[in-house]
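The values are calculated or read from the model by the stated rules, or taken from the named source; none is laboratory data. Nothing here was measured: the structure is a model prediction, and the numbers come from that model. Cβ placement follows ideal geometry from the backbone for every residue including glycine, while neighbour counts extend to all protein chains displayed. Remember, those area values only see protein heavy atoms, side chains included, never the ligands or the DNA or RNA. Shrake-Rupley method; radii C 1.70, N 1.55, O 1.52, S 1.80 Å.
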Amino acid sequence: MKKVAFICVHNSCRSQVAEALGKHFASDVFESYSAGTEMKPQINQDAVRIMKSLGYGDITKVQMYGIDMEKEQYSKLISDIPEPDIAISMGCNVGCPFIGRPFDDNWGLDDPTGKSDEDFIKVINQIELKIKNMIDR
């Protein structure tokens, strides 16, 4: 089974969401990992809260996932995960982290850290769509 690595600089938000959704939607298609070139002491708590919620009421009709990312995930360096078959950058903006090889894809996602729940939900929905597109390939 192919190993897919979702890479951000800090491995605390977008890449962690991608790992969780990859495991949730595609565990029978590929193995999902996330990593960064730096680490944070914990996963972004807004991302954790929103991914853990089962519905988001008045903000949007989006159904969230009930996934507790802190249960099995933590901030990791690229050297802490198996060598990936596919490496995806979550969004480089000014510069991509160096991982020792070219990225197979750059998803170009804005970092929602410090922004509204609506911004987080938008990015999470984009990640879900991209994961589902990977399954269909």
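Scanning segment 99-114 for residues being of a type outside the set (Lys, Arg), farther than 22 Å from residue 44 by Cβ and out of contact with any helix residue (DSSP H, G or I) (no Cβ under 9 Å at 6 or more places or on another chain) gives a total of 2. Scanning segment 4-43 for residues that are under 15 Å from residue 130 (Cα atoms), among the basic types (Lys, Arg) and more than 8 Å from the chain's Cα centre (by Cα) yields one hit, 23.
Among the candidates 31, 83, single out the residue that is open to solvent by 60 Å² or more (accessible area, probe 1.4 Å), closer than 21 Å to residue 107 by Cα and modelled with pLDDT of 95 or more. Working first, answer last.
Details: 83 fails: modelled with pLDDT of 95 or more.
Going through 31, 83 in turn, just one is open to solvent by 60 Å² or more (accessible area, probe 1.4 Å), closer than 21 Å to residue 107 by Cα and modelled with pLDDT of 95 or more: 31.
What about residue 111, is it assigned to a loop (DSSP other than H, G, I, E, B), open to solvent by 90 Å² or more (accessible area, probe 1.4 Å) and at pLDDT below 95? In short, no.
Cβ-Cβ contacts under 8 Å between residues 6 or more apart (or on different chains), taken from a first residue in segment 113-137 that is farther than 22 Å from residue 9 by Cα to a second residue that is open to solvent by 50 Å² or more (accessible area, probe 1.4 Å) and assigned to a helix (DSSP H, G or I), are listed as 132/25; 135/25. The set of residues from segment 64-104 being of a type in the set (Lys, Arg) and more than 17 Å from residue 22 (Cβ to Cβ) comprises just one member, 101.
Taking the conditions (1) open to solvent by 30 Å² or more (accessible area, probe 1.4 Å); (2) at pLDDT below 90 in turn, residue 91 satisfies each one other than (1).
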